[in-house]
1. Find the accessible area per residue for the range 265-397; the probe is 1.4 Å, ligands and nucleic acids are left out, and the unit is Å².
2. Between K482 and M362, what FRET efficiency follows from the Cβ-Cβ distance if R0 is 41 Å, with the result rounded to 0.05?
3. Which order do F420, F346 take by accessible area at a 1.4 Å probe, largest first?
4. Given 0.36 nm per residue, what is the gain on full extension from N204 to S314 after removing their alpha carbon distance, in nm?
5. Quick one: if you stick a label point 7 Å off each Cα along the C-beta vector at R536 and V588, how many nm between them?
6. Could you tell me the calculated FRET efficiency between N132 and E43, based on Cβ-Cβ distance and R0 = 41 angstrom, to the nearest 0.05?
7. My understanding is that a pair violates if its Cα-Cα distance is over 19 Å; which of K130/K173; K370/K478; K219/K261; K134/K199; K199/K302 do that in this structure?
8. Sort S600, S391 by accessible area with a 1.4 Å probe, largest first.
Amino acid sequence: MGARGSVMEGEEMEEANAPFSKSRKKARKHVEQLQRLQEKDPEFYEFLKEHDKELLEFDDDIDQDTETDVDEKALQEDDETDVDEKALQEDDETDVYDKEHRAGVRRTVQEPTKNVITMAMVDSWCSAIKENSKLGAIRSLMRAFRTACHHGDDGGEEPSSKFSILSSSVFNKIMLFVLNEMDVILRRLLKFPASGGKKEAIINLKSTRQWKNHGNLVKSYLGNALHVLNQMTDTEMISFTLRRLRYSSVFLAAFPSFLRKYIKVTLHFWGTGGGALPVVSFLFIRDLCIRVGADCLDECFKGLYKAYVLNCQSVNATKLQHLQFLANCVIELCGVDLPIAYQHAFVFIRQLAMILREALNMKTKESYKKVYGWKFMSCLELWTGAICAYSSEPDFQPLAYPLTQIISGVARMVPTARYFPLRLRCARMLNRIAASTSMFVPVSFLLLDMLEMKELNRRPTGGVGKAVDLHTLLKVQKPVLKTRAFQEACVFSVIEELAEHLAQWSYSIAFFELAFIPTVRLRSFCKITKVERFRREMRELICQIEANAEFTNSRRMTVSFLPNDPAAASFLEAEKESGTSPLSQYVVTLRQRAQQRSDSMVESSVIVGAHSSVFGRKKSESDDDDDVQDEEEGAAVFSSSWLPGSSTKSENLKQVKSKKRKRHGKQQEEVALDEDVVEELVLSSDEDDSMSDTAFTEEEDKSRLVSSKQGTQKQKPFKDSSKNKGHSHGKKPKKRKRTKQAK
């Protein structure tokens, strides 16, 4: 029985191995045909080598199959074997190659069955990569990564795909390991530096043997990651993926098509994303420009500027801080390559000048709206910040003069009281340019002209009014002009900006002559104004100007050089560094008062604020712990049940409900934000009454009264009806109605 059993077992083994022996014979014949093809037609062989490497590398698969047929333990010990090779052994083989092929070569196309990736398979690949850096495990993991990224595509998985994923935990494990480790693995295989690198190094790398062997892994990693980025909807997941891909951004220099697509995707995330996604997206864009250089710098500049302008369509107090962050990002990118940034800045500033010239020549409502809108003013703010940031660079200094001329023209275009907020914004920009470039800009005339308008001289007739934040407005409604709050905000802002302007030249040897005309006009305002508190503030400013004039004149009497002498530049240089002039000390108190006033009006905040874009040029000490933080963050991010293409109807319903809630919230906030919206420019004097404005304010007042008096009207529902009927005795009809109601 034992001998018969052993014979039967041997026959069963031979029958089981029969298909494999036949397949190996056919495979060997196929390899011989490929060798003959290389000798007869080398051109076509090179074509196959470029477009079908798997066909030419078939001999490696045969050797691996022969090693894996005997013992299952050898599968774990061999460096070039993986789980998907079992599928190749168990599949049926059919001859589908056309006989009329140019080379007359026949190939066998195997139709593998889909292997469901399990957690054990992923763990085995990961351990093999970490311990021995097995190339077979890396290739298997990259196939699994591709399957994970393309899960749920509309076209379905490709027939040649060997794997399929059914579990979200497997998807999370694959994504987390590949994103955390693949950059280090690829750099080790390509013998590339562990970090950094630039385009020149990638060009040299493409001619090496390592790139020819493993360049397809880099392409697979970047391409599949780009695909899954377009499928993700969670902000934290996108942020983590971009943060890890940032370390491999230098490899995009080898793939121009991927480079353009990555720029497009990250620009979209930067302009529309929430939370930390804009910061992560910009860091990716900046590193890309530093590594790749001019190939992507022009496209990134144009894309950032376009996204910034699109975000400036409607602005309120909350969005202004986010716009400041976006502007700081554009300014930071200018520092990557200042000559290229100057070319783009020159073109964009010239566009602003052309828009202003058209408005001054056409003098139509539409042309004025283009200038007196948030888009135009935000662009002026952007380039003002850029010039102030790089004022010491010779590349950006020539842009200061044309930008100053544009801002001055915008401030004087429509000199009405309704646009006092816009004029004050222009004055602040001019003060910033003058302070950073050490150039004299005549800002005082813009501010003193405001004080001579009747809206700030007479007593307010519109009551106290609501507090007005001039930093978040470009235009105010006519009823607001007559309120006490608006007058105080304007006068205090004029004092602050005028003091800032004069404090910049408080150490100049010509301060007495420079401050003479402003002092005369301030004294005339004190005589004209009928508001005592304004007169008191102006007298305080005049006293500080006179004290500063005495401060400079006392030291000017001791010098012997002429005003045009270069030694005049060093006049009071030590005092300027210490800030001891009377006006400098007065400005410090004004800034504190303005900060307290603005803090009292701020009611909201944003995640990405104005200070979140202060980027350091040096590597911080916390960068060493980035990997540990990324691993912890990645484990938290990739812990959900989300899979690409797995959006359900319930999720869509949730999105619809959230949109409805947002619309409802916007409707409730319309009354509070109406003053922040830029309306059409009415080319008429402030004395003329506009029907649209009065109707709008009446409806606004009615809505506010209704919302504030709903409770009182419910308690007294019959009070108005009694008045309309004209009863002389109000108590009797009330008693009758109450008795009816009681019945």
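The values are calculated or read from the model by the stated rules, or taken from the named source; none is laboratory data. None of these values were measured; they are calculated from a predicted model. Neighbour counts run over all protein chains shown; Cβ positions are idealised from the backbone, glycine included. Heavy atoms of the whole protein, side chains included, go into the accessibility calculation; ligands, DNA and RNA do not. Shrake-Rupley method; radii C 1.70, N 1.55, O 1.52, S 1.80 Å.
1. Working: 5240 Å² over 133 residues.
Dividing the accessible area of the range 265-397 by its residue count gives 39 Å².
2. On the way: r = 32 Å, r/R0 = 0.78.
Efficiency computed from Cβ-Cβ geometry: 0.80.
3. On the way: F420 0, F346 105 Å².
The ranking, largest first, comes out as F346, F420.
4. Working: separation 110, 0.36 × 110 = 39.60 nm, distance 4.83 nm.
Full-extension gain reported as 34.8 nm.
5. The answer from the label model is 2.4 nm.
6. Values: r = 39 Å, r/R0 = 0.96.
Once the sixth-power term is evaluated, E becomes 0.55.
7. Values: K130/K173 15 Å; K370/K478 21 Å; K219/K261 13 Å; K134/K199 28 Å; K199/K302 21 Å.
Violating the 19 Å limit, Cα to Cα: K370/K478; K134/K199; K199/K302.
8. Working: S600 90, S391 25 Å².
The residues order as S600, S391, largest area first.
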